[in-house]
Amino acid sequence: MIRFRIVSDVRPRAFWPGAFCCLALTLLACVLPSISTAQEWGAVSGRITATDSGFPIPGSTVLVAGTNFGTASDADGTYTLRLPIGSYVLRFSSIGFEARFDSVTVRSGRTTYLDRQLRPSTTELEAITVEGERELGAGIFGISPDEARNMPTPLPDALRALRVLPGVVANNELSNQFSVRGGGFNENLFFVNGFEIFLPFRPRTGEQEGLSLINPDLTERLTLYAGGFPVRYGGKLASAVDARYRRPNADADSLQWSAHASLLDVGFSAGDAALGGRLGWLVGLRKAQARRFFETQELEGEYQPDYTDAQAWLGYRFRPGLELEWLGMYAENEFRLDPNGRKTFFGTLSQNELLAPSNLQSLWIRFDEGNEEVDAYQTFFSGLRLKSQLSPNVRMEHDVSIYDTHETELLDLSGTAILYQVDPGSGNPDSGEGLFPTGSSRQEDAADNRIEVRTSTLTGRYILTRGRHAVEAGWSLRSLSFGDRLREKTVVVGRATNGDTVRIVADSLNDAASLSTSQQAFHLQDSWDVLADEPGRLTVTSGVRVDRFDFTGEWTVSPRASFTWKANPITTWFGSVGRYHQAPTYRELRGKPEIGESILGALNTSLRSQRSLQVVIGGEYFIPSRRFFFRTEAWLKNIDHLISYDIENVRVLYSGENDAKGQAYGLDLQLRGELVPGMESWLNYSYLVAREEFGSAFQTPNNRGRVARPTDQRHTVSLFVQDYIPSDPTWRLHLRTLYGSGLPYTPPVPGEQIGNIVEQIPGDRHSARYTRFFRFDIGATKEIPPERTGTRMRVELTAEILNLFDMVNTVSYSWVPDAAGIWQRIPTRLTPRTVNVRLSVHF
């Protein structure tokens, strides 16, 4: 069937208001030539020796203080460190010697010579100095809040920032959903300060989702567990995202606040501590109206997106060891569209008609008057936690939380699609010249859907540290209630052989249902520092998780283990192995109700949890001379009791059956370091294979054998670069590049013909692939110095060009038959080049 309303092909039609465009382009024009041609660098060189003997010290570390930017001395103690022009404090250190700090000034094109002697010491034990603490282990990747905020994206969103981490696949800048290492959109866990939150349950397109609930302006640390995550994170197969909000520091200056405003969104955050640090509070407000961004698409109409998010955190310390904290969230996201029409040109245009003739086509859709689409999401969350430190070795936490979401979908769309053959030599085809109709179809879509979900959770967590062991035990009780109403209908209109109008109901469902159930879980984990004489060198973590899902009456047991071994100061090995279960929730249980089937009748009470055995092995090597980290991880997932699904744009449609088994394996590579002092950059490459095989009872001629899963993206490359102008560090540059090879999809084939209407039925499962996904986003930031010296206020002006090279990316296809009954593939493309300007104030 043809679903006009999910079509959002993109071609540049209208740009931004002239004043904003001129400002943005002027900022980028100023900074780009400076960075590319005026790389004003110099060098510091010298020899490091011991004070007592005068002998050279090979392998000494030379760092710009407070950063990981630096080098190491060679066999005769000499070093050379290239730096942007300016003044720096260098840190010299080596195993068995006291660290030394010295100032140096670097001049353009010159080498400054600085020899230093280090005094022997028995307290300096680290040969390699790395500033800052990073959690290192199998599948663990982090991103700082500053990096998330500085990343050029349509909306400043923490989940969109995760796309530059290894193993993450997301080929849609309009959506905040993603897959990790072959998993599905619904196979990721999300936590804020240890409280679990959820994504929208039933979006159709990325525009509907709005802002994610993780506010980057409040975040102190953002961690992705891409595999091998510990047993306290349970219930999903692919990954866990853990966001930790900052706690205001009583030792710092009083009130801290920040605000930003751009062409697409505004935001404000503030935090403070009082009563000697016993009371702390944070608030964050965000509002986005990305109308101009969505209007760049070829689906023309009146876009009225309105996304609002408000969050607050309170913490009170009654006494040392007893603390109460509360986290509250409210989000209201509404996407409204009054469509007018769409013009999409596709096919091939030849430069030599004799060798290869052109085959340029166009689809024009004309929507009827009064058409409208309204999608709304209201989300409320409240969580309360009591933390108790019973003794230096024993602490415990108890939580209670409520998550409510109310999602509505109102749809009234009808229109006629006309397919044209385009003569590229006949004037302007956009105005209708040189167009020859080859087919048409008409479709009517109506929906009035609603889903209400409430999740109430009680948890307890207990940690005991004794000797070289840290033992953790925990439990959780959760009640879930779903209220679902589906009223939707799709009608295809055509002509019978005698010329009469034929209306065929392609899809229809009118029903309501409610479901209440509960889940229980328990976990036990021990982290063991194995080597008593070398603390921290070898850590082994093992644990087990037990879950029960009342609706199906199923118990699951998930043992897991991991290790981290620091083989030497520059090499670390890590790995994990474990069993993971994902209990079916309402979406999986319901599956796809057939026409005339009730929702309750479609619920599968015998559905079992999906289960995977996951193995991860990898290592990280530190390159002292360049101060870069090279990391590699190989991983394998064997999945059974798999519930197959299809993806329409971003909507996941489950089969409702344990109908397949699957396997996914891959390799993730990352090179990470500071190209300039204090600003980290990285490059990732991921290789992935994801396959599924249907059970004999569910096999059809179209899905036999091992076929690609919906997330089988073979190659993924992501790049994030941060830089500044050496002669003026108040100018900073941020680059983000995303590349992904084509994802698979199921092409349709002609079915039964009624009059001039040819039914569309699925063909061979995932036998075709979308085109590659590629976008390059760039942003330049100018820090405006304050008029008064000593003030804590910092003002920044940022200009961004999103999709700089105006790459055409396809998220889905719709299909229209021509006059000969041959289905023509119509691409649904994403956004073109877009300009954004943002003003930020930090105090």
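When the accessible area of region 533-672 is split by element with a 1.4 Å probe, what percent falls to carbon and sulfur? Please report the intermediate quantities before stating the final value.
Working: 3430 of 5850 Å².
Summing carbon and sulfur atoms, their accessible area is 59 percent of the total for region 533-672.
Rounding to the nearest 10 and keeping the result within 0 to 90°, find how far the Cα-based axis of helix 18-37 lies from the longest principal axis of the chain.
Helix 18-37 sits at roughly 50 degrees to that axis.
With a 1.4 Å probe and all protein chains kept in place, how much accessible area does residue 329 have, in Å² rounded to the nearest 10?
Roll a 1.4 Å probe over it and residue 329 shows about 10 Å².
To the nearest 20 debye, what charge dipole does region 319-411 have about its Cα centre, counting +1 at the Cβ of each Lys and Arg and -1 at the Cβ of each Asp and Glu?
Once rounded to the nearest 20, the dipole reads 520 debye.
Under 8 Å for C-alpha pairs, at least 6 residues apart: give me the relative contact order for region 160-200, rounded to a whole percent. Walk me through the numbers before you get to the answer.
Values: 33 pairs, mean separation 9.2, N = 41.
Across region 160-200, relative contact order equals 23 percent.
Once phi is turned into ³J(HN,Hα) by the Karplus curve 6.51 cos²θ - 1.76 cosθ + 1.60 with θ = phi - 60°, what whole-Hz value does each residue of region 835-841 show in order, with x for glycine and proline?
With the stated coefficients, region 835-841 comes to 10, 9, 10, 9, 10, 10, 10 Hz.
With the alpha-carbon atoms as the only input, what is the per residue convex hull volume for region 672-796 in Å³? Don't skip to the answer; put the middle values down first.
Working: hull volume 25.5 nm³, N = 125.
It is 204 Å³ per residue.
Dipole of region 608-676, Cα-centred, from +1 at each Lys and Arg C-beta and -1 at each Asp and Glu C-beta, to the nearest 20 debye?
300 debye
Which Rg and Dmax, in Å, describe the Cα atoms of region 712-761?
Gyration radius and largest Cα-Cα distance of region 712-761: 23.9, 73 Å.
Quick one, can you get me the convex hull of the C-alpha atoms of the chain expressed as volume per residue in Å³?
It is 189 Å³ per residue.
Mind listing the long-range amide H neighbours of residue 69? Cut-off is under 5 Å, sequence gap 5 or more, other chains count too, H placed in the peptide plane at 1.01 Å from N.
64, 678
Can you spot the lysines whose alpha carbon is less than 24 Å from residue 782's alpha carbon? Ignore those fewer than 8 places along the same chain.
Output for residue 782: 287.
From the phi of every residue in region 176-191, what ³J(HN,Hα) in whole Hz does the Karplus formula 6.51 cos²θ - 1.76 cosθ + 1.60 yield, where θ is phi - 60° and glycine or proline is x?
9, 8, 7, 10, 10, 6, x, x, x, 4, 8, 10, 10, 9, 10, 10
Lys and Arg at +1, Asp and Glu at -1: add these up for the other residues within a Cβ distance under 13 Å of residue 432 and post the number.
Values: positive: 343, 366; negative: 423, 430, 433.
With Lys, Arg at +1 and Asp, Glu at -1, the net is -1.
Determine the calculated [θ] at 222 nm for the chain from helices alone, applying -39500 (n - 2.57) to every DSSP H run no shorter than 4 residues and normalising by the residue count; nearest 500 deg cm²/dmol.
The per-residue figure over the chain is -1500 deg cm²/dmol.
Which one, 438, 418, 402, is farthest towards the positive end of the dipole of region 361-457 when Lys and Arg carry +1 and Asp and Glu -1 on their Cβ?
Checking the options against the dipole of region 361-457, the answer is 402.
Would you mind getting the accessible area per residue of the chain, heavy atoms of the protein chains only, 1.4 Å probe, in Å²?
Heavy-atom SASA per residue in the chain reads 41 Å².
In region 282-429, what percent of the accessible surface is made up of carbon and sulfur (1.4 Å probe, ligands and nucleic acids excluded)?
Details: 3680 of 6660 Å².
Carbon with sulfur: 55 percent of the solvent-accessible area.
The values are calculated or read from the model by the stated rules, or taken from the named source; none is laboratory data. What you see is a predicted model, and the numbers here were worked out from it, not measured in a lab. Quick reminder, even Gly has a Cβ in these numbers, built from the backbone with ideal geometry, and neighbours come from all protein chains shown. Remember, those area values only see protein heavy atoms, side chains included, never the ligands or the DNA or RNA. Shrake-Rupley method; radii C 1.70, N 1.55, O 1.52, S 1.80 Å.
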